[in-house]
Each structure stands twice: as structure tokens, then as C-alpha cells.
Amino acid sequence: MYWVNESVFYHIYPLGFCGAPRINDGKLNYRLDKVIDFIPHLKEMNVNAVYFGPVFMSTTHGYDTDDYYHIDNRLGDNDSFAHICEKLHENGIRVVLDGVFNHVGRGFWAFRDIREKGQASPYCSWFQNLNFGGNSPWGDPFWYEGWEGNYDLVKLNLRHPDVKRHIFDAVAMWMDKFHIDGLRLDVAYCMDQDFLRELKHFCKGRNDQFWLMGEIIHGDYARLANPDLLDSCTNYECYKGIYSSHNDHNYFEIAHSLNRQFANGGIYHNIYTYNFVDNHDVNRIASTIKEKANIKNCFSTEFFMPGVPSVYYGSEWGIPGMKNNTDHDYPLRPCVNVSDIQDNELYRHVCRLGAVRRKYKALKYGSFDNTVIRNEQLVFRRRFEDETVYIALNLSDSDFELGFNTDGGAKLYDVFDGKTVFDLNGNYANISIPAHGTRVLVLTGGDAPEYPDEMQITEAVPAAEEPAAPAEEIKPLPAVGEPGRYRHFKGNEYEFICLAKDSETSEELVIYKDVNSDKIWARPSAIFYQYVDVDGKLVPRFEKIV
């Protein structure tokens, strides 16, 4: 299996993430450079792959491409994006781009040529069903096919050899200059399959580890995700099943989909699907779920079911967002800065999900079986080689006890909370699951498994339930900007360099250096000089030691 199986994705819609103008103003602005500031945040979540939505030149939302060979000027330029990709790769984070090849915008250079020259243009055959027998809805003296009736999105003729050559040459440039690791193919469900077959042959010929994932909203995933065409696809069936099960208190719904797709003999057991709880096209999970306490279990289901999980930027700390009739999809795509990150209970939960998933092969490669299905409780098993892991979920308001037969062994260790152990009675396990809680139970013969390092971190307890430690028990923070050597609460040591200001936001940043690797980092001072909860005790995120 290759790198995708080992991944946790972070999905960024760049134009929204950067707060770019909705209409391209023609001005060059290096807004996307702020992704580099997010790298420590990504690593804390155990993210090791970023999927960028459209980054190439367009007129409005990015899916109306004007030029496949140049980064949208609202985000930066080719050199700045190459630098972003280089920094991500240096930190072990792969890069996947949105390949919008089904259609282009009306500003696409070849379509503009037709608008200027009419039938004399050599590019008339580049577009699907373009003819001069009538007028277009935009008033052109010719007709063409728009994607699903949207005539600002001009459908390409993907069987034309020059169109294919133009696109493949662009992909080659992206692979050579940006060293991208894969493509997400927009609206793959309606694309020409011969084109997809040739694209796969082209990309795999240059890099056999290159990943091709297609957007499939409905229908048979295996029609496109198969050895001849694409490697993976979006799992919209389970996206719907996850939020609906938690809203209706009906785990039977998602359990049915998971069994149908991934159990032994399941229709997609050979497809490593791209899983999500929200994205740039659907309402944010924080706005979709009726009971906010259940958002955590939505992420738990996504992370531990078969396939690769993804987090849509900002949803890890609970950004809301719903479509409306005025702004349409824009509320789903807000501008976000490092200073907006909330180190809250949901965020800590997502960080732990990534740590646990990346630790255990059974959660990345294992088989799937439902073990217990109840309206408000679900237990399923992932098994790979000598690893067996049970995922137990409870969406009720109370702790719940249940029992089930295991594969044998002596104990179940909860590697999610890092402390709970259940003894087996023969093969039978009797466990409790906290209200709105997740357990990740590793089956052993008695010896404790190796816990992920991140399990040392516990989520902050709301002040209303448990007050912070008395002032005398808390180590004082150093003065902001005080030079010296600091120790991060996870153990690494850093040298304070200076304070700086973000040129775009004027936010105060701490610039500091890893004393072991000499890597330079920047972090908002409000986060650098902050307490975190470790094993129930508040400690400085960075403690001054020299």
C-alpha cells in the first residue's frame, strides 16, 4: 500500500481561506503564503497531506479556469506556490491539487479566441458541442455546452488530442515545478472515461505513487475507482450516513453503509475512499449536527472507518457555515488566519484521532466488521495481521455499558483516553462508553500496547465543570518577548529569536528556532504565551528554562 493509506488530509479552499476578492481584480497578492504559518498546526493534528482546491488563474471561484499554467494572482505566483509546496514537503506533508479538467471559464484563452474570431478561430473544436447554429445564453453568436447548464463553465472536448496535450503538459509542469503528489478530479462522475484512462497512464508513467481521486456524488464508485481509471473517490454515501445517524440517533444507518461498502465481500472493499464530514460544497458539520456534543463522534467515525480521512479547514475547532440564497457557497469558505485557531475540546479530539490512526496499522489497512449496532451505540472492528482494534461510539447523554465477543485475548486497552483497561472474561468483553464518547480498544494478550505520544495531552475541561488550578500551582509565564531558551510542553527545546509583525494582519508573532534542527518557526504570541492542559494540570505551552 502506498502513502495515501498512511495519510490524514487537510482540505483548503484557497480563495476563501485567503479572503481573496470574489472577482479577480488582476492584482498580484501573495495571500496563500500564510499556509506556511499553518504548518505547525497541521503537524499538531498529525496531518501529512494537504488537498488544495483550485489554485490556477480564474475569474471568480476558481472552478472557472482561465489558465492552467499560472497560479491565480489573488493567491500568488508560480514561484511562491512552489515555495509553499517545498515547505510542506520538507515537513512531511504531501500536496494534492484540484484538477478542473471537465470545463473552463469564459475567460479561458482559447474560448476568448473564439469570441473574438468566431468560426475563424482554430479552437472551435476544443469545446463540447460548440456550433454556430444559434446564440448562447450569454449572447454569443454561437452555442456551446455548459457544465450542468452553467454557461459560465464551458465544457471541454476531452477527446480532442490538442486539448488532452494541453492539459497533460500542464499536469507535467505541476509535477515538475510544484512536485505535487496527486490530483482530485472535479466532477469526475461526468468526465470522459477514455480521458481519465489516458490521464492515469500519463501520471503513473511519471510517478507510480501519484494519486488520482475523483469527485463522485452518487452512483457506483467502482465505475471510476478501479485499476483502469482512478485510485479513489469521494465517499458521499458515508458523509451523509455519518451526520444523519448522529442527528437521528440511529447508528443503524451508517452501520449499514459501512457494512455494504467495506465488510468482507462489500462492494467497495478494494477502494480506499476519501472520507469527510464536510467540504467546500456542503454545510459545515458544526452547522449540520443538531447536538454539538456529537460532532466529536462524527469525526471519530470518519477517521476510523476504512479509507483516508480529511479535515476541512476550520472545522477542527468547529467553524459554522451554511449555504444561503444570497451568498450561496461563500459562507462555507471563510477567510481563516492562524490567530483564529481555537485550542478547544473539539480540536484536541481531532488531534488525538490523527495520532491514534497513524499509530495503528489496523486503522489504516484493516478489514471491517460491525460488532454491536444499537440506535445510540456502535462498535466495529478493524483487523490487520496481528492487530485487532475495536471502535466503540456512544451518542447518548449517559455513559453506556455493553458486551460483545472478541477474537480472544486478555485485555482491551483504550488507547484513545490512554488509561482505561477492560479485562476479558474468556472471549467476552464488558465495556462502558462515556456519554457522547469514543473508545479505541486495542486487543492484547495482557501486555499494554504502545500509546501514541500525543495521548499524554488531555483535553481542556470546561471551567464551569472543573475550575482551573489555583494560581499558586501554575508556573508563571515569562514576559512577552523575553529572550532565552524555552521548552515546549511536549519536550522539544527552542531558542527565542525575536518578535515580529505579520505584514498583512499586524498580528504579533514569536520567531523561534528548534535547537536540534535549526529550523525557524513563527507562532502568534497569543498562542506561544499560553497555558495548556496536560494530564489535568495547566502548564505553559512554552516554559522558559534559560
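If you check every pair at least six apart or on different chains, which have Cβ atoms under 8 Å apart with a residue in segment 42-53 that is closer than 11 Å to residue 182 by Cβ first and a residue that is assigned to a loop (DSSP other than H, G, I, E, B) and open to solvent by 10 Å² or more (accessible area, probe 1.4 Å) second?
Pairs that qualify, where the first residue is closer than 11 Å to residue 182 by Cβ and the partner is assigned to a loop (DSSP other than H, G, I, E, B) and open to solvent by 10 Å² or more (accessible area, probe 1.4 Å), are 49/181.
Does any residue of segment 224-232 turn out to be touching a residue at least 60 places away in the same chain (Cβ under 8 Å), outside any loop (DSSP other than H, G, I, E, B) and surrounded by fewer than 22 Cβ atoms within 10 Å (Cβ to Cβ)?
no
Working only within segment 401-413, note down all residues that are among the acidic types (Asp, Glu) and either in contact (Cβ under 8 Å) with a residue 60 or more places away in the chain or part of a loop (DSSP other than H, G, I, E, B) (or both).
407 - this is the single residue of segment 401-413 that is among the acidic types (Asp, Glu) and either in contact (Cβ under 8 Å) with a residue 60 or more places away in the chain or part of a loop (DSSP other than H, G, I, E, B) (or both).
Residues to consider are 285, 217, 242, 289; find the one that is β-branched (Val, Ile, Thr) and over 18 Å from the mean Cα position of the chain (by Cα).
Selected residue: 289, the only one of 285, 217, 242, 289 that is β-branched (Val, Ile, Thr) and over 18 Å from the mean Cα position of the chain (by Cα).
Give the number of residues within segment 67-97 that are within 16 Å of residue 176 (Cα to Cα) and of a type in the set (S, T, N, Q).
So the count comes out to 2.
What's the total number of residues in segment 121-136 that are closer than 24 Å to residue 192 by Cα, outside any helix (DSSP H, G or I) and either modelled with pLDDT under 95 or under 37 Å from the mean Cα position of the chain (by Cα) (or both)?
Result for segment 121-136: 3.
Every residue, every condition in (1) surrounded by 20 or more Cβ atoms within 10 Å (Cβ to Cβ); (2) within 21 Å of residue 45 (Cα to Cα); (3) not polar (S, T, N, Q), yes or no:
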{"position": "245", "(1), (2), (3)": "yes, no, no"}
{"position": "248", "(1), (2), (3)": "no, no, yes"}
{"position": "251", "(1), (2), (3)": "yes, no, yes"}
{"position": "261", "(1), (2), (3)": "yes, no, no"}
{"position": "277", "(1), (2), (3)": "yes, yes, yes"}
{"position": "280", "(1), (2), (3)": "yes, yes, yes"}
{"position": "292", "(1), (2), (3)": "no, yes, yes"}
{"position": "295", "(1), (2), (3)": "yes, yes, yes"}
{"position": "299", "(1), (2), (3)": "yes, yes, yes"}
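From the set of residues in segment 137-149 that are part of a strand (DSSP E or B) and either small (Gly, Ala, Ser) or open to solvent by 60 Å² or more (accessible area, probe 1.4 Å) (or both), which is farthest from residue 108 (Cα to Cα)?
So the residue we want is 143.
In segment 500-536, which residues are at pLDDT 80 or above, part of a loop (DSSP other than H, G, I, E, B) and of a type in the set (D, E, K, R)?
518, 519, listed by residue number.
Take the conditions within 36 Å of the chain's Cα centre (by Cα), at pLDDT 95 or above and charged (D, E, K, R) and apply them to residue 86. Does it pass?
yes
The values are calculated or read from the model by the stated rules, or taken from the named source; none is laboratory data. None of the values given here were measured: they were computed from a predicted structure. Glycine also receives a Cβ, built like all others from the backbone with ideal geometry; neighbour counts cover every protein chain displayed. Just the protein is used for accessible areas: all its heavy atoms, side chains included, with ligands, DNA and RNA removed. Shrake-Rupley method; radii C 1.70, N 1.55, O 1.52, S 1.80 Å.
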